[in-house]
Amino acid sequence: MISQEFDYAAPDTVQAALELLAEPGARPLAGGMSLIPLMKLRLTAPEKLVDLRRIPSLRSIRREGAFLHIGAMVTHYELESAPLIRQECPLLAASAAAIGDVQIRNSGTIGGSVAHADPAADYPAGLLALEARVHLTGPTGEREMAFEEFVLDPFTTAIEPGELVTAVLVPVEDPGTGVYYQKHPQPASGFPMVGVAARIRRQNGHISFARLGVTGLSGKGYRAREVEARLIGKAGAEAEVKDAAAATADGVEASSDIHASAAYRSHLACVAAARSILRSLSAAN
Amino acid sequence: MSTVTTETPTYVGKRIKRKEDPRMITGTATYLDDIKLPNMHFAAIVRSQYAAARIDRIDTSAALALPGVVAVFTGADLEGVGNVPCGVSLPGLRIPPHPILAQGRTYFVGHPVAVVVANDPYLARDGAELVEVEYTPQPGVSDPEKALEPGAPAVHPEWPDNVAFVHKQENGDVDAAFAGAEVIVKQRMLQPRVVANPMEARGAIGDYKSAEGTLTLHSSTQIPHLLRSIAAAVLGVPEHKMRVIAPEVGGGFGCKADVYAEELLVCFLSRKLARPVKWVEGRREHFQATSQGRGHVDYYELAAKRDGTILGIKLKIIQDIGSHQQLLTPLIPTLSVLMLPGLYRCKTFRAEVVGAFTNCFPTDAYRGAGRPEATYGIERIVDCLAVELGIDAAEIRLKNFIEPQEFPFSTGTGLIYDSGSYAATLGIALETVGYAALREEQRAARAAGRLMGIGIATYGEICAFGPSPYTPAGGWESATVRIEPSGQVTVHTGISPHGQGEETTFAQIAADELGVSMDDVVIVHGDTAIVQYGIGTFGSRGTAVGGTAMFLAIEELKKKILKYGAMLLETEEVEFSAGRVVCNKTGASVTVAQIAAASYRALKLPPGTEPGLVATSFWEPTNFTFPFGAHIVVTDVDPDTGEVKITRYVAVDDCGKIINPLIVAGQIHGGVAQGIGQALYEQMSYDENGQILSGEFTDYAMPKAANIPFIESLHTETPSPVNPLGVKGVGEAGAIGAPPAIVNSVVDALSHLGIRHLDMPLTPEKVWTAIQGARA
């Protein structure tokens, strides 16, 4: 469990970081909760780590119109505990609170997690349900894209060489929206075997808005759009919800490993979806 | 035998915080990896990634060319060092040669193939990456039952049947018992392999001094003296020139009551290189190359009368041996046979153990070592019988228990249970949990579609290993008690505590016996150059055997103290009381400190008495001790997901006389947590060839704090007549009681669906699949 030799730099501006990252073999370090273990296992060996922790602009949380702008280096613990997040985007706070343990949440960051694109991470369920956006800064400028478009494959994103994730944008939650993140952890790692995040609104006693994000089940997180569609217009009785949630894993190639078969994971996704929807409904006005 | 001190105890029986804790809490304890010797080199081991492979070529040139790398050794370079030893003899036991580096063939994933030594641990690891090994993979086998099938890949080509040994034991007319039985229940049960995973993994430093020809081995071990004798013999070092030091040891759970290739390797390297050489085990290496626990396939058959009386037991154990025999590997399943009847009166049994070689690292002692397996089996099959007969799980146990007046009780397996009151202990557990009301609640829950289970497990265990004729290396223990000139007390114990807290409990006993303050007693252990020969810490023997040795040394010292007291008081009418020798007539007295000063100053000596106050005792126990208890677990099973939640955990344990309730509570809590791990989460997984699938904590599920319920821990205290302290042992009890209690609870939750058994670990998928199958 000893890594290879590497260089280390901790710049204090995004610009300086981008310059350092232009060097071959350099990789950004954004908390290190995944990268450092991979290095210790010698599964990866960057020549240089560019630690982003000293860049103040990456550590802020602020409101920008209808969105919350969350710097990439904001830790899970900050998201779990910040009053602004708890009030204005409770689903994100709940997602962050579900990650690992306190030590991990105090070191790991949302930008690091998003850029790592682990298919079993907690965030994707919530970020998909929130229709979050990812802010990128590169040598040629800044750009923004939907989180759903950003993750391409397991551990693969749309980040171009030399680019950094600099922020994640989530909407300020509409009052009256019920949200819930239902997680069934893999017993060893604590990562979700399946995690489902729901956002539900009701109008005149019927479901008028539903967003459902699923993580852990397959190679990347996804929106369960069929379930969302089935929910619209329903009163939200338990049988209706279960019926809708039964489509959660439809068409998804579920993962299989020593912890759970694909069939069990798919079933669990449907159960988790139903539970997250029911909990959201009970919280929705 | 004399009984405990007649004085009012000041410390024994009290909740006293551990003397050990300040140094651990403040980070000032010295563990193996904290030791830094001058000019020390560091070893990194190149390990096989194949379970079974032929080694075609090893190229060490690139590693040797790396600056900082001092040497690279392979199996071809071994000289002057023997094989990793097995300390067990059984008829027909096959002990494959176990060189410390692979010789042309690897037998398990993690098999040491080469070792790189560098002047820096990072460079050693870099060098290990540069050793090129060409392998030709061979078919391997990981499932012990499949290994015994005809045509299975041979782990050792010279033994194509993969049979390591067959051990049989029988008592009474088993065939008649089964022929005359009104009911017979049968069940196949699995005990998956589990990994010990102490917080501190293994590690060793070899330090050879060529000028003196002395060799010091620092090792994170439970058995420093045994390790010294064995390592000296394997390495050809005169035993008196070899020293083993066990520094602070961060847990062992049995896996460090062993002798490993790496311990011998660092000694070999130090002798070759004339430098101290350190090797520290990484967690991945721990999963690959440290002995693992359990690994049984059990076939139980129970013959009974319709009223629930057990008439006979048949058991076949297929023990996953692994690739080689570690120190006690083949002994462990034979202990399961000894404890096969549990707490029940039945003496008629037939048992067969078949050891199967597999392409996995060897199994060996793991908390409970054979007794948890036996307890699990008998407690599960008794539950199966109860369900079959429609008898309540508590009632069927009460019907078959050995009764208090039957002790000492000779079991059919050759043991003599020392003392017990099994029904009373179960009774307290039933009352505490509110058994009758719980059964009512369960009926209501079932009617409402909830799956609620109540599981009972009663257990007995063999502790205080043990009478020497029944142990592989001598079962006595030693202590030297020195009263210093100041009156302060130094105890050298032959046991080697690594978390059990004997620096505290022994000080409690010694302080009470001598009437001094606990602060004036220090317990020294773990260094063969300081402490007289001892056996070590395992098998819940520390206090029962080592504590008794200390107690007897103190008794010996007290005689001398009395002689000095009589001399100083100028009277023969003296007695020892509360740290003083007192004249019965006048009440005049002298303290132990005054006597100590006089004995070392030696201006005047009692007739025929030497100066100084030192006594040594080597105590040979006449029997094992037999703690027992009853655990009751209430579970809720989620019918949609199969997830198990423990809602109540009641443990009533009888470990004999309790020295320190705080330490006993810690042992029960830790043991129960470990048992919960085995029942619900832990399983070392391999593919069919022996490739590891759960080789790190991201895939091997240890129980976490949030998985452990509140444990309602109660005790009865039935003193053991085997030793003067009346203690029995408690280190393993929790790990023995928990697995059957939990599995019985979950099966009980599902029994109305027709489910009769589930194998550990009870993963959500396994439970859910069983529910689906039952409903289909």
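The values are calculated or read from the model by the stated rules, or taken from the named source; none is laboratory data. This one's a predicted model, so the numbers in the text were calculated from it and none came from an experiment. As a convention, Cβ positions derive from the backbone with ideal geometry for all residues, glycine included, and neighbour counts pool all protein chains shown.
Couple of notes before you dig in:
- Checked against (1) part of a helix (DSSP H, G or I); (2) within 14 Å of chain A (Cβ to nearest Cβ); (3) at pLDDT 95 or above, residue B:706 meets all criteria but (3).
- Of the residues in the stretch B:750-762, at least one is farther than 30 Å from residue B:509 by Cβ, out of contact with any Gly (no Cβ under 9 Å at 6 or more places or on another chain) and within 14 Å of another protein chain (Cβ to nearest Cβ).
- Single match in B:101, B:90, B:32, B:78 (criterion: farther than 25 Å from residue B:266 by Cβ and either among the aliphatic types (A, V, I, L, M) or modelled with pLDDT of 95 or more (or both)): B:90
- For the criterion of being in contact (Cβ under 8 Å) with a residue 40 or more places away in the chain and of a type outside the set (D, E, K, R), residue B:708 fails.
- Odd one out for residue A:282 among (1) more than 14 Å from chain B (Cβ to nearest Cβ); (2) within 29 Å of residue B:761 (Cα to Cα): (2)
- Against the list (1) surrounded by fewer than 19 Cβ atoms within 10 Å (Cβ to Cβ); (2) farther than 25 Å from residue B:679 by Cα; (3) not aromatic (Phe, Trp, Tyr), the condition residue B:400 fails is (1).
- Output for the stretch B:704-746, where each listed residue is surrounded by fewer than 24 Cβ atoms within 10 Å (Cβ to Cβ) and under 30 Å from residue A:192 (Cα atoms): B:704, B:705, B:706, B:707, B:708, B:709, B:710, B:711
- Scanning the stretch B:647-694 for residues that are away from chain A (no Cβ under 14 Å) and in a loop (DSSP other than H, G, I, E, B) yields B:655, B:657, B:658, B:659, B:660, B:689, B:690.
- Screening the stretch B:234-343 for strands (runs of 3 or more DSSP E) wholly inside it with 2 or more residues that are touching a Lys or Arg at 6+ places or on another chain (Cβ under 6 Å) and within 27 Å of residue B:388 (Cβ to Cβ) returns the ranges B:292-304.
- Candidates B:158, B:145, B:132: the one that is in contact with a strand residue (DSSP E or B) (Cβ under 6 Å, 6 or more places away or on another chain) and closer than 24 Å to residue B:318 by Cα is B:145.
- Residue under evaluation residue B:55, criteria (1) more than 28 Å from the chain's Cα centre (by Cα); (2) in a loop (DSSP other than H, G, I, E, B), criterion not met: (2)
- Near pairs, Cβ below 6 angstrom, 6+ apart or cross-chain, from the stretch B:417-432 (without any contact (Cβ under 8 Å) to a residue 60 or more places away in the chain) to any residue that is among the hydrophobic types (A, V, I, L, M, F, W, C) and part of a helix (DSSP H, G or I): B:423/B:398
- When A:245, A:272, A:263 are screened for being within 14 Å of chain B (Cβ to nearest Cβ), farther than 29 Å from residue A:72 by Cβ, surrounded by 24 or more Cβ atoms within 10 Å (Cβ to Cβ) and out of contact with any Phe, Trp or Tyr (no Cβ under 7 Å at 6 or more places or on another chain), only A:245 passes.
- Selection of strands (runs of 3 or more DSSP E) fully inside the stretch B:411-504 by the criterion of at least 2 residues being among the polar types (S, T, N, Q) returns B:477-483, B:489-493.
- For the stretch A:160-183, a residue qualifies if it is on the phi < 0 side of the Ramachandran plot, surrounded by fewer than 22 Cβ atoms within 10 Å (Cβ to Cβ) and in contact with a strand residue (DSSP E or B) (Cβ under 9 Å, 6 or more places away or on another chain), and the qualifying residues are A:160, A:161, A:163, A:169, A:171, A:172, A:173, A:174, A:177.
- Residue satisfying condition, being crowded, with 16+ Cβ neighbours inside 10 Å, among the aliphatic types (A, V, I, L, M) and part of a loop (DSSP other than H, G, I, E, B), within set B:201, B:177: B:201
- Number of residues in the stretch A:195-242 that are assigned to a strand (DSSP E or B) and of a type in the set (S, T, N, Q): the value is 3.
- When residues in the stretch A:1-16 are screened for being free of Cβ contacts under 8 Å to residues at least 60 places away in the same chain, away from every other protein chain (no Cβ under 14 Å), over 15 Å from residue A:47 (Cα atoms) and in contact with a helix residue (DSSP H, G or I) (Cβ under 8 Å, 6 or more places away or on another chain), 3 of them pass.
- Unique residue being among the β-branched types (Val, Ile, Thr), in contact with a helix residue (DSSP H, G or I) (Cβ under 9 Å, 6 or more places away or on another chain) and away from every other protein chain (no Cβ under 14 Å) when the list is B:113, B:133: B:113
- Applying the set (1) at pLDDT 95 or above; (2) away from chain B (no Cβ under 14 Å); (3) more than 27 Å from residue A:44 (Cβ to Cβ) to residue A:148 leaves exactly one unmet item: (3).
- Positions within the stretch A:162-194 being more than 14 Å from chain B (Cβ to nearest Cβ), in a strand (DSSP E or B) and within 15 Å of residue A:281 (Cβ to Cβ), in sequence order: A:178, A:179, A:180, A:181
- Test for residue B:701: is it surrounded by fewer than 16 Cβ atoms within 10 Å (Cβ to Cβ) and at the interface with another protein chain (Cβ under 10 Å from one of its Cβ atoms): no
- Residue list for the stretch A:91-130, restricted to those being touching a helix residue (DSSP H, G or I) at 6+ places or on another chain (Cβ under 7 Å), under 16 Å from residue A:222 (Cα atoms) and assigned to a loop (DSSP other than H, G, I, E, B): A:121, A:122, A:130
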